[in-house]
């Protein structure tokens, strides 16, 4: 699992950190699937991400201190909205936004966009 590899290869000032990730692959896949399902609810994903981060932190081993994630779903949601709006103000991309809106409309209409339709829209 990639998370275990990352944790096992962390270093600080050239010294290997004795950190490990002890979570199960099945648990990680479950959280990943829940994340995909929660996107449908538009705002529920923020609470799923915070719970997933808490699970990740609970499964970090090899430290003398407890690793915890203390943000709430509401804090995650409003920070994401504010950050997104700040990016849009500083870096407007009307062409990209219009393309995304078209692709979303096609996906909603057909549930899965036809490749020819998607290619036509992208051109």
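The values are calculated or read from the model by the stated rules, or taken from the named source; none is laboratory data. Everything numeric here is computed off the predicted structure, so don't read it as measured data. Counting neighbours? That spans all protein chains shown, and the Cβs are built from the backbone with ideal geometry, glycine included.
Under the condition of being modelled with pLDDT of 75 or more and loosely packed, with under 12 Cβ neighbours inside 10 Å, which residue from segment 79-100 is farthest from residue 3 (Cα to Cα)?
Restricting to residues being modelled with pLDDT of 75 or more and loosely packed, with under 12 Cβ neighbours inside 10 Å, the top hit is 82.
Is one or more of the residues making up segment 48-55 within 13 Å of residue 1 (Cα to Cα), in a helix (DSSP H, G or I) and over 11 Å from the mean Cα position of the chain (by Cα)?
Checked segment 48-55: no residue is within 13 Å of residue 1 (Cα to Cα), in a helix (DSSP H, G or I) and over 11 Å from the mean Cα position of the chain (by Cα).
Might you check whether a residue that is in contact with a helix residue (DSSP H, G or I) (Cβ under 9 Å, 6 or more places away or on another chain), loosely packed, with under 10 Cβ neighbours inside 10 Å, at pLDDT below 90 and not in a helix (DSSP H, G or I) occurs anywhere in segment 60-74?
The answer is yes, given that some residue of segment 60-74 is in contact with a helix residue (DSSP H, G or I) (Cβ under 9 Å, 6 or more places away or on another chain), loosely packed, with under 10 Cβ neighbours inside 10 Å, at pLDDT below 90 and not in a helix (DSSP H, G or I).
Sort through 14, 30 and tell me the only one that's on the phi > 0 side of the Ramachandran plot and surrounded by fewer than 16 Cβ atoms within 10 Å (Cβ to Cβ).
14
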